[in-house]
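Structure record follows, encoded as structure tokens.
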Amino acid sequence: MALGSPAPGRPLRADAERNRGRLLDAARELFAERGLDVSMDEIADHAGVGVGTAYRRFGSRDELIGALFEARMEDYVALAEDALVEPDAWAGFTGFLERSLAMQAADRGLKDLLFSHGHALERVERVRTRILPMVERLVARAHEAGALRQDVSGRDLPLVSLMVSSVADFASDCDSELWRRYLTIVLDGLRAAGGAPTPLPRPPLLEPQLDAAMSRWRPHRHH
């Protein structure tokens, strides 16, 4: 049963269902614009309902986040699945990065959920843990095709994604597509060249280190 949904056999009254929809719409707008650093009071105010009504429809802000983002996380998984069936391994690899970054640029709440463990609901976390093995396979395919530097790991990509997507956070007011410039620069650096690539000065993070590093990321606060 979906979080925040009525118990089986007990449908919401029409006004309660309308309020639930207004809360979801308000949360979607605020999370997309500002990230997950938004309170239930702000969501209720944006929806035009009382905060008591918000907590009757959703027992906590995490319930609201789970109800809103589970499908978005599945969309993210679908990007990786599509990339893995792309016949051209390099096109699959670059297409996944570009499309996933476009999703993050359009929805800061999704980016927060991908990179911050502070909001990791169990069902969203299960979806997120499916991503890294798929990314590892995308990297392996690109290695086998001779298209990707051999010293690049799948564990590099979340941090590469975080670097590029940060451009969207801080430059969105002047150029919402500026991140594409830097993605192009990064991809040129990731692609295998005719000559020997410059040795990387540090190894990729181990998975526990990667989790710890990603959990330290905090969204930019609006004042």
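The values are calculated or read from the model by the stated rules, or taken from the named source; none is laboratory data. All of these numbers come straight from a predicted model, not from anything done at the bench. When we count neighbours, we look across all protein chains shown, and the Cβ atoms used for this are built from the backbone with ideal geometry, even at glycine. In case anyone asks, the SASA skips ligands and DNA or RNA and just uses the protein heavy atoms, side chains included. Shrake-Rupley method; radii C 1.70, N 1.55, O 1.52, S 1.80 Å.
Overview of results
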read-out	value
Failed condition for GLY95, given (1) touching a residue at least 24 places away in the same chain (Cβ under 8 Å); (2) open to solvent by less than 40 Å² (accessible area, probe 1.4 Å)	(1)
Some residue of the stretch 133-144 being at pLDDT 90 or above and farther than 17 Å from TRP90 by Cα	yes
The stretch 202-216 residues that are surrounded by 13 or more Cβ atoms within 10 Å (Cβ to Cβ) and of a type in the set (S, T, N, Q), paired with ones that are part of a loop (DSSP other than H, G, I, E, B) and modelled with pLDDT under 75 (beta carbon under 8 Å, 6 or more apart)	SER215/SER116
Restricting the stretch 14-65 to residues that are crowded, with 22+ Cβ neighbours inside 10 Å and not aliphatic (A, V, I, L, M), the residue that is nearest to LEU114 (Cα to Cα)	GLY35
Count - residues of the stretch 181-196 that are in a loop (DSSP other than H, G, I, E, B) and either surrounded by fewer than 16 Cβ atoms within 10 Å (Cβ to Cβ) or of a type in the set (Phe, Trp, Tyr) (or both)	4
Listing of helices (runs of 4 or more DSSP H) fully contained in the stretch 69-180 that carry 1 or more residues being among the hydroxyl-bearing types (Ser, Thr, Tyr) and touching a Phe, Trp or Tyr at 6+ places or on another chain (Cβ under 7 Å)	89-106, 157-171
